[in-house]
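To start, the structure itself, in structure tokens.
The values are calculated or read from the model by the stated rules, or taken from the named source; none is laboratory data. Not measured: the values here are computed from a predicted model. Positions of Cβ are backbone-derived with ideal geometry, glycine not excepted, and every protein chain shown enters the neighbour counts.
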Ligand code: TEU
């Protein structure tokens, strides 16, 4: 990269887009939200990053698609399983992540591929056994990896014994565990009862959220599939039963939970109609079905429960603990006393605008600065915003300014419900995206396969698996494209399953080159880039725990600084990301390029020998990580 080195060392010329004076003026004029002002680097030193879920990186595994192993009878079924995950832990260790979050593997009829749970305290035979899970957990912990479970508290399967009981009769003891409602009063036309749905609430998978139960002549609510009836979270027995199931796993030593649809748990007690959406009259605004105030009480209860446990890894809690279930007795939701050093994480799946999202961090507990909500309310805004420097700068600044004191940020760029990152932004920008995610302040969550640059796969109508697509075909709701099997090696079925088995979803076609083994041998591959970014993030406390300042978009370039901890021993970093289709120039203070997303040009110097900034060239879609002098 002589060109770059040359331009850095000799250029005193005015850059195309920004003269030095203009740059200063712009930098000063940017109206930083309060907390981004330079007198408070966003390290928030009062609440230093001390927990593994703050300094670490989370990696999501969709178990159906990670690694299939043959059953004891010797046959592979083309669906990934828990022993498969255990077999691939070394890959994850060498990748450099800290924790895995595993999408549901509980017993389930699989109407929504495990998000319809029929037993919260077991393992579906498709994925293995409880013993397989214990082996996975113990092996992960022995390798220093954390294990986070996906928990689905909003709804069960319609085959869960609780629902079977609940629907058996109106006076069943568990009737009130779900949301049952009478038909509306008949009108002049005397519509049959089963057509008189209680209100206009919609299922997230299309159609009414109400299903008629002929046997008991009432409707039940389902925010997703009709096979996923919603639990009644106003019922203390429901809460206690769910908390008890959480204890089952916490006692086994899991490091935390990702809570499915946490913002949807509670619905309006008066069942009021949602108002029409002025932007799209065919839909409604979820005013009475989402983000209800009572939800925060429940989140705080969950947090209290998790905080009554210590660090699973350091306590080596691999085996069922002595105090199982006593913490959440079946009749009470009384808070437990916090563990002196709580170590489990509560993550919430929450799709809400930033001001509402940050409220899920909760309020401080009495007489302490500790927030009592979710440790990490997932921040999906980088997925939802335009892929453009200014839009992203604004998200970062707004988010940082809204975070309550003591709240730890986080960012997500992909998951099993969203089109793949490399498909959304393109393969070149996916490299820049990796640098963005892994150099921002806050916990990053990676989606399996994104480290290879995996893309959405085309799904022919006869290959559709996802009920979201089957229910409402042709509207792009299907999530199969982003769930295709992990690509491990250049061999039949890419090592995901045995050569003769049929994977449950087709493989990405270019698996011969996009697989992990091939990329491991290529020092310039996407996987090598992730490896380097993860290693740098781990090595430099500035990157995993430091502050962030000067978040600015200059045309297509997004720039921000990561600032070291107050001890004065850590390096500060400048990050420069070119979102544009053209090569761009900007100014950079003196320092050394320690990583480029195109993986050439490391070691180049920036700035002038006299300590002033000089121009620097950034390729289209390139990101630079610069250690400042
Ligand atoms: O997803 C909840 C959810 O709201 C998403 O389906 C969301 O509507 C969509 O992705 C927005 O782009 C969770 C799980 O992640 C999903 O896989 C389940 O199907 C769903 O809950 C029901 O449990």
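Observations on the structure shown:
- Residue check, residue 490 part of a loop (DSSP other than H, G, I, E, B), within 14 Å of the ligand (Cβ to nearest atom) and either farther than 25 Å from residue 99 by Cα or touching a residue at least 60 places away in the same chain (Cβ under 8 Å) (or both): no
- All positions within the range 224-239 that are in contact with a helix residue (DSSP H, G or I) (Cβ under 7 Å, 6 or more places away or on another chain) and within 11 Å of the ligand (Cβ to nearest atom): 225
- Test: residue in the range 124-131 that is closer than 16 Å to residue 63 by Cβ, in contact with a helix residue (DSSP H, G or I) (Cβ under 6 Å, 6 or more places away or on another chain), surrounded by fewer than 22 Cβ atoms within 10 Å (Cβ to Cβ) and in the same structural domain as residue 86 (by TED's automatic domain parsing): no
- Any hit, the range 574-584, residues being over 25 Å from residue 56 (Cβ atoms) and in contact with a helix residue (DSSP H, G or I) (Cβ under 6 Å, 6 or more places away or on another chain): yes
- Only one of the listed residues (509, 519) is touching a residue at least 40 places away in the same chain (Cβ under 8 Å), within 25 Å of the chain's Cα centre (by Cα) and assigned by TED's automatic domain parsing to the domain that holds residue 59. That residue is 519.
- Qualifying residue in the range 511-525 (condition: assigned to a loop (DSSP other than H, G, I, E, B), within 16 Å of the ligand (Cβ to nearest atom) and closer than 30 Å to residue 70 by Cβ): no
- Listed by position, the helices (runs of 4 or more DSSP H) enclosed by the range 350-405 that each have at least 2 residues that are more than 30 Å from residue 618 (Cα to Cα) and in contact (Cβ under 8 Å) with a residue 40 or more places away in the chain are 354-357.
- Residue ID - nearest to the ligand (Cβ to nearest atom), chosen from residues in the range 180-202 that are in contact (Cβ under 8 Å) with a residue 40 or more places away in the chain and assigned to a loop (DSSP other than H, G, I, E, B): 201
- Once the range 207-216 is narrowed to residues that are within 16 Å of the ligand (Cβ to nearest atom) and surrounded by fewer than 21 Cβ atoms within 10 Å (Cβ to Cβ), the residue that is nearest to residue 183 (Cα to Cα) is 211.
- Remark: residue 219 falls outside the filter, which requires a residue to be in a strand (DSSP E or B), buried (at least 23 other Cβ atoms within 10 Å of the Cβ) and within 16 Å of the ligand (Cβ to nearest atom).
- Positions within the range 514-529 being farther than 22 Å from residue 457 by Cα and touching a helix residue (DSSP H, G or I) at 6+ places or on another chain (Cβ under 8 Å), in sequence order: 520, 522, 528, 529
- Screening 250, 264, 305, 285 for residues that are modelled with pLDDT of 95 or more, in the same structural domain as residue 342 (by TED's automatic domain parsing), farther than 19 Å from residue 222 by Cβ and within 16 Å of the ligand (Cβ to nearest atom) leaves exactly one candidate, 285.
- Only one of 594, 626, 598 that is in a loop (DSSP other than H, G, I, E, B), within 32 Å of the chain's Cα centre (by Cα), outside the structural domain of residue 385 (by TED's automatic domain parsing) and closer than 23 Å to residue 524 by Cβ: 598
- Residue within the range 102-115 that is in contact with a strand residue (DSSP E or B) (Cβ under 9 Å, 6 or more places away or on another chain) and farther than 26 Å from residue 471 by Cα present: no
Here is a yes/no grid of residues against (1) over 22 Å from residue 594 (Cα atoms); (2) in the same structural domain as residue 61 (by TED's automatic domain parsing); (3) in a loop (DSSP other than H, G, I, E, B):
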| site | (1), (2), (3) |
| --- | --- |
| 428 | no, yes, no |
| 432 | no, yes, no |
| 456 | yes, yes, yes |
| 469 | yes, yes, no |
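- Selection within the range 411-434 - more than 16 Å from the ligand (Cβ to nearest atom) and crowded, with 19+ Cβ neighbours inside 10 Å: 411, 422, 429, 430, 431, 432, 433, 434
- Any chance residue 155 is surrounded by 22 or more Cβ atoms within 10 Å (Cβ to Cβ), at pLDDT 95 or above and more than 18 Å from residue 248 (Cβ to Cβ): yes
- Pairs meeting the criteria (first residue in the range 127-147 and more than 12 Å from residue 253 (Cβ to Cβ), second residue outside any helix (DSSP H, G or I), beta carbons under 6 Å, at least 6 apart or on different chains) are 127/81; 127/105; 128/81; 129/123; 130/123.
- Flag if residue 599 is at pLDDT 95 or above, closer than 30 Å to residue 489 by Cα and in contact with a helix residue (DSSP H, G or I) (Cβ under 8 Å, 6 or more places away or on another chain): no
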